[in-house]
1. Can you list the aspartates and glutamates whose alpha carbon is less than 19 Å from that of LYS169, not counting same-chain residues fewer than 8 positions off?
2. Tell me the relative contact order for the chain as a rounded percent, counting alpha carbon contacts under 8 Å between residues six or more apart.
3. So how far apart, in nm, are the two label points at SER580 and ILE259 if each is 7 Å from Cα heading toward Cβ?
4. When the chain is fully extended, how far beyond the present Cα-Cα distance does THR317 get from ILE634, taking 0.36 nm per residue of separation?
5. For labels at SER492 and LEU626 in the simple 7 Å Cα→Cβ model, what's the distance in nm?
6. Determine the shape class of the range 522-646: with a ≥ b ≥ c the square roots of the Cα gyration tensor eigenvalues, call it rounded for a/c under 1.5, and otherwise prolate if a/b is greater than b/c, oblate otherwise.
7. Could you list, in their original order, any pairs among LYS208/LYS270; LYS196/LYS401; LYS458/LYS612; LYS70/LYS401; LYS134/LYS165 whose Cα atoms are separated by more than 25 Å?
8. Under 17 Å from a point 7 Å along the Cα-to-Cβ line of ASP74: which residues of the range 176-198 have their amide N that close?
Amino acid sequence: MVITVGLVGNPNVGKTSLFNRLVGARQYVANWPGVTVSKIEGATTWLNDTLHIIDLPGTYTLSSQSADEKVTRDFLFYTPPNVTVLIADSVNPQQSFYLLIELLELNSNVILVMNSIDEAKKLGIKINKFELQKHFGVPVVFTSAKTGEGIDELKNLIVEVARGKHIKKVVFDYGDLESIILKIEKEIPDSILTNKRFAAIKFLEEDKEIQKILSPYIKIDYSIVKETSTLIPSIRYSHVENIIKEAYSGKSLNYQRTINDKIDHILTHKFFGIPILLVIMYLVFKFTFDVIQPISDYLESLLSLLSSYIKSFGNNTFISLISDGVINGVGGVLVFIPNIFALFFALGILEESGYLPRAAFVVDRIMYKMKLSGRSFISLLLGFGCNVSSIMSTRGLPDEKERIGTILVSPFISCSARLPVYLMITSIFFNKYKGEVLFSIYALSILITALSAYIINKLFFKGEDVPLVMELPRYRIPTLRNIFIYMWNKGSHFIQKAGTIIFAASIVIWFLSYFPSKGHIETSYAAYLGKIFVHLLKPLGFNWQIATALLFGGVAKEVIVSSLSMLYGFAESDLISAQSLLSQSISNISAYALLVFILLYIPCFATLASIKSETGSWKWVLFSVLYSFTIAYIFSLLVVILGNLIF
């Protein structure tokens, strides 16, 4: 028997960690039909049954305001799973219990999972399972995604609930509003919606989608709806507080809040918050580029030896393809894999600990001046991994103007694909100050993103203000297991790209660089292309090899490394010698201008495709290309002019 299970929960309650515990590595990511919201699914076998588990997007409510919330609500409403698992934080349960009340108005085949029970025990918090079961009418299981406690019990309960056990219908009383709810239920035609109570309550909460469906059939004074839209949440929170009073004992939940408040007083301080954020990000970059660099250097030496060894077999087209095309091309990117994984390891620690939402709160004051919010910061932060992820995550932004604005500035966030290029150039030209130079590039990335957000919102969206409302999760001690899963999920796409896009691009670049003159780079097809575009880039101090590499980098930024390795590698015997030749071809000032240009110039093809997909308009794609190239040229030219004046 295949049992479909929907995992539901607020953000930061350990839902994804629990999902990883349930299915391990047997998971895959797709998109929900019709939208670009990620659909994370997995499967596991238990008691001769197959559990098909879907990790639904995190949400605080079943009212559909953002695309994430709509996906979760529509899945539960229109195609309900066999079993719905609501994951709550044992230490901070208020918002989770609020969501559970909504969920029980929708479905009764629910299991309540009290996660992080190990942390609750350490804090001296006692939870009465039977009181929770009595009030909510659902089976309750205590789990810890960190230790694995309760996972087997949860799997047993899933199978039992799927077979009809433990299901008990609980109706939460809304007092004086019950008569209004009942009246609306009676007016809903059977052919429109089947779960009439849920629809009636959502209608009274001013859920736009439900109101659109039911408005032709419901006759009601809309001044009443305005009043009930605030009363219903208040009644739910009243139920939540009563349940917590009866189910919780021991040390007060306020104790944990006090600890978090004390830490937050420092990390989110009005004056110290931003300097602390900058110091943390600086340490992340120092770890990524200085501590891990010896591993990358060793890998680079191995690849250079391998390239030289292959060339020792002769000098023909096939040898050149393997040595210059595959090893120098793909290998030029692979040497930076340790740095990329190190970056995601550090970001994983920050996310697992609960600091990243605080970072969003800290920068919200700055973002607000740009007519964005700290919520946009979370989307932009994902851009340090991949701009495509950043753009796709904007579906969670409820304000359409803020969403478009965030999409258009996301390409200025320095993605990990640019990292190999930075590392190559800084290692050659700024070896003693790699960390500092890279930190300046990332700082410039944030500065240009902020400036562009302000300009775009002023030009297109009349600078409307967007407030930030978010719940800060409590602090947690990160687990190595979750950090490594995070690091692998974020970094493994780089290895996949090396075996697909970068490999294919390297072969194409090798072909263009080798033919028609069989290795004479100056008369190759690549040289012809580069010499066409070099006139535009000459004021920046770039030569035709760099112009060619930048042109190929439009496919994927990592390809710039492959291009430079091959374009210079044809003149030398190996990768290291090719890098030495590059160091003699442009000045340090032009090298820094090149870093700036690579940071800012046109997004890669995948990012442009995402912009088209998310905005639905080629207008914004064209704007992104022209605007980013203009900004890149202006700032790179400023670097050259000021650099020559100062140095």
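The values are calculated or read from the model by the stated rules, or taken from the named source; none is laboratory data. All values derive from a computational prediction rather than experimental measurement. Here Cβ is always computed from backbone atoms with ideal geometry, including for glycine, and neighbour counts include all displayed protein chains. Accessible surface areas use protein heavy atoms only, side chains included; no ligands, DNA or RNA. Shrake-Rupley method; radii C 1.70, N 1.55, O 1.52, S 1.80 Å.
1. GLU102, GLU105, GLU131, GLU160, GLU178, GLU185
2. 11
3. 5.7
4. 110.0 nm
5. For SER492 paired with LEU626, the spin-label model returns 4.2 nm.
6. Here the range 522-646 falls in the oblate category.
7. LYS208/LYS270; LYS196/LYS401
8. Only 193 pass the distance filter.
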